[in-house]
Every structure is written in structure tokens, then in C-alpha cells.
Amino acid sequence: SQDTACEIEKMTALAEFASSRWKDEPETDEAWLAVVRTTVASDRLDQAVEYLERISPDSPQRAAAEMSLGMAFWGTYGRAVRDEENRPPQEELDRWVAQSRELFEKGIGRLRTAVEKGSAVEYSLVNSVRFLANILTDTGHPKEAVVWLEDAKIGPLTLIQAGSSVTDQESFQVDTYI
């Protein structure tokens with residue numbers, strides 16, 4: 001809608017201002033993360049990818065933005081596949097899947113590095129690993145999916161079997177086995 005476009009435009013202007021004034025500050029990355037999330041919420045995924053590039057690669061906000069955007073591309077793909085009347089061309093569907101996989105792999109990779117350095121494993125990371133495994137399975141790469149699901153530190157199956165409280169969220173355990 002025009003209201004959302006106007007909102008994104010204003011948020012982008014504020015993030016641009018923060019970038020010019022406080023380039024390497026965490027608040028600047030948080031401003032760009034807000035722009036990415038708002039753009040994703042308004043289903044402007046390609047635009048969100050452009051804004052994602054404004055978040056510092058070293059920022060903790062970058063992984064969150066990548067995983068959020070990966071989830072959005074995967075959701076868009078899932079809805080489009082089920083819509084037989086308005087189904088986009090296969091090339092578009094393939095692009096969404098590839099984009100989703102790439103974004104999940106990047107975001108998970110960033111957080112996995114943090115976990116290896118001693119950070120706690122959080123639900124958003126484990127849930128993203130589960131979604132990446134779904135993508136890999138659905139695209140004919142089940143062995144890669146199993147590697148992720150059984151990862152010693154961030155694998156959903158490994159953490160469920162270990163009784164980790166991070167897997168107690170909602171229907172996570174059931175969804176992991178489906």
C-alpha cells in the first residue's frame with residue numbers, strides 16, 4: 001500500500017541518516033534491520049535484500065535479518081506453489097528457493113560461529129536450521145538436511161534428544177519430526 005511505501009521511505013531516510021552520522025554503531029544496524037523487517041512485512045522481498053546489504057556483516061543484526069528474509073522467501077515460495085491459478089513461472093519459484101537457502105545458510109553460519117565461540121544456542125537459530133533442512137529435503141538434498149539436523153551444537157534432532165530447553169517452544173519438536 002501507499003502508506004507502507006511511505007513508511008518504508010521514511011524509515012530508509014532515518015537509516016540513511018544514521019549510516020552517514022554513526023556508520024559503525026550498533027544502532028545503525030538496528031535501524032536497517034527495522035527497514036528490512038518492515039519491507040519483508042510488506043512483501044517487498046527483493047527490496048529487503050537490497051536493504052540487508054546495508055547491515056554490517058559483523059553485526060549480530062545481520063544474521064537475524066538474513067534468517068528473517070530467508071523465512072520470507074521460503075513462505076512466499078510455499079504459498080505460490082499451492083496457488084495453482086496464479087502460480088508464477090518455475091524460474092521465479094526456483095529463485096525464491098535458492099534465495100531462501102542462501103540467506104538461511106549465511107545467517108546460520110554467522111550464528112554458528114558465535115555458538116562455537118561460546119554464545120548460547122537460541123531458538124531462532126535452531127528453528128532456522130530446521131527450515132533449512134526442510135528446504136534441502138524438498139529440493140532433493142536429504143543427506144545435507146540430515147547433516148544439519150544432527151549437527152552436534154545446533155542440530156534440532158541433537159538438541160531434542162539432549163533435552164535442550166531451546167526445543168520446548170510451541171510445536172517445534174513435532175514439526176522437526178514431520
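Condition first: among the hydroxyl-bearing types (Ser, Thr, Tyr), under 19 Å from Glu16 (Cα atoms), surrounded by fewer than 23 Cβ atoms within 10 Å (Cβ to Cβ) and over 15 Å from the mean Cα position of the chain (by Cα). Now tell me which residues in region 26-58 satisfy that. Lay out the reasoning, then the answer.
So in region 26-58, the residues among the hydroxyl-bearing types (Ser, Thr, Tyr) come out as 28, 38-39, 42, 51, 56.
Of the ones still in play, those that are also under 19 Å from Glu16 (Cα atoms) are 28, 38-39, 51, 56.
Restricting the remaining residues to those that are surrounded by fewer than 23 Cβ atoms within 10 Å (Cβ to Cβ) gives 38, 56.
Passing the criteria: only Ser56.
Whether any residue in region 159-168 is more than 20 Å from Arg101 (Cβ to Cβ), touching a Leu at 6+ places or on another chain (Cβ under 7 Å) and of a type in the set (Val, Ile, Thr) is what I want to check.
Step one: list which residues in region 159-168 are more than 20 Å from Arg101 (Cβ to Cβ), which gives 159-168.
Filter once more, keeping what is touching a Leu at 6+ places or on another chain (Cβ under 7 Å): 166-167.
Still in the running and of a type in the set (Val, Ile, Thr): 166-167.
The answer is yes; a qualifying residue exists.
Do the conditions hold for Asn127, that is, is it polar (S, T, N, Q) and under 24 Å from Arg62 (Cβ atoms)? Working first, answer last.
Details: polar (S, T, N, Q): yes; under 24 Å from Arg62 (Cβ atoms): yes.
It is true that Asn127 is polar (S, T, N, Q) and under 24 Å from Arg62 (Cβ atoms).
Report yes if Gly140 is at positive phi, open to solvent by less than 70 Å² (accessible area, probe 1.4 Å) and either small (Gly, Ala, Ser) or more than 14 Å from the chain's Cα centre (by Cα) (or both), otherwise no.
Details: at positive phi: yes; open to solvent by less than 70 Å² (accessible area, probe 1.4 Å): yes; either small (Gly, Ala, Ser) or more than 14 Å from the chain's Cα centre (by Cα) (or both): yes.
When the stated conditions are applied, Gly140 passes them.
What residue, among those in region 154-171 that are within 15 Å of Glu122 (Cβ to Cβ), in contact with a helix residue (DSSP H, G or I) (Cβ under 7 Å, 6 or more places away or on another chain) and of a type outside the set (Gly, Ala, Ser), is most open to solvent (accessible area, probe 1.4 Å)?
Gln169
Mind checking whether some residue in region 89-105 is assigned to a loop (DSSP other than H, G, I, E, B) and not hydroxyl-bearing (Ser, Thr, Tyr)? Show your work before the answer.
Looking only at region 89-105, we keep the residues that are assigned to a loop (DSSP other than H, G, I, E, B), and these are 89.
Filter again for not hydroxyl-bearing (Ser, Thr, Tyr), leaving 89.
Yes.
If Cys6 meets every condition in (1) open to solvent by 100 Å² or more (accessible area, probe 1.4 Å); (2) more than 13 Å from Ser56 (Cα to Cα) apart from one, which number is that one?
If we test Cys6 against (1) open to solvent by 100 Å² or more (accessible area, probe 1.4 Å); (2) more than 13 Å from Ser56 (Cα to Cα), just (1) comes out false.
Would you be able to say whether some residue in region 59-76 is in contact (Cβ under 8 Å) with a residue 12 or more places away in the chain, within 23 Å of Ser20 (Cα to Cα), polar (S, T, N, Q) and in a helix (DSSP H, G or I)?
The answer is yes, given that some residue of region 59-76 is in contact (Cβ under 8 Å) with a residue 12 or more places away in the chain, within 23 Å of Ser20 (Cα to Cα), polar (S, T, N, Q) and in a helix (DSSP H, G or I).
Test Ala114 against the stated conditions and say whether it is open to solvent by 60 Å² or more (accessible area, probe 1.4 Å), farther than 16 Å from Ala145 by Cβ and among the hydrophobic types (A, V, I, L, M, F, W, C).
On the way: open to solvent by 60 Å² or more (accessible area, probe 1.4 Å): no; farther than 16 Å from Ala145 by Cβ: yes; among the hydrophobic types (A, V, I, L, M, F, W, C): yes.
Criteria not met by Ala114.
Thr113: touching a Lys or Arg at 6+ places or on another chain (Cβ under 9 Å) and among the hydroxyl-bearing types (Ser, Thr, Tyr), yes or no? Steps first, answer last, please.
Details: touching a Lys or Arg at 6+ places or on another chain (Cβ under 9 Å): no; among the hydroxyl-bearing types (Ser, Thr, Tyr): yes.
Against the criterion (touching a Lys or Arg at 6+ places or on another chain (Cβ under 9 Å) and among the hydroxyl-bearing types (Ser, Thr, Tyr)), Thr113 does not qualify.
Going by what's in this entry, would Arg87 be described as out of contact with any helix residue (DSSP H, G or I) (no Cβ under 9 Å at 6 or more places or on another chain), free of Cβ contacts under 8 Å to residues at least 12 places away in the same chain and either β-branched (Val, Ile, Thr) or surrounded by fewer than 14 Cβ atoms within 10 Å (Cβ to Cβ) (or both)? It would help to see each step written out before you state the result.
On the way: out of contact with any helix residue (DSSP H, G or I) (no Cβ under 9 Å at 6 or more places or on another chain): no; free of Cβ contacts under 8 Å to residues at least 12 places away in the same chain: yes; either β-branched (Val, Ile, Thr) or surrounded by fewer than 14 Cβ atoms within 10 Å (Cβ to Cβ) (or both): yes.
Judged against the criteria, Arg87 is not a match.
Between Ala15, Ala98, Ala65, which is over 14 Å from the mean Cα position of the chain (by Cα), open to solvent by less than 90 Å² (accessible area, probe 1.4 Å) and aliphatic (A, V, I, L, M)?
On the way: Ala98 fails: over 14 Å from the mean Cα position of the chain (by Cα); Ala65 fails: over 14 Å from the mean Cα position of the chain (by Cα).
Ala15 is the lone residue from the list that is over 14 Å from the mean Cα position of the chain (by Cα), open to solvent by less than 90 Å² (accessible area, probe 1.4 Å) and aliphatic (A, V, I, L, M).
The values are calculated or read from the model by the stated rules, or taken from the named source; none is laboratory data. Small disclaimer: the values here were computed from a predicted structure and weren't measured. With ideal geometry, Cβ positions are generated from the backbone for all residues, glycine too; neighbour counts draw on all protein chains shown. For accessibility, only protein heavy atoms count, side chains too; no ligands or nucleic acids. Shrake-Rupley method; radii C 1.70, N 1.55, O 1.52, S 1.80 Å.
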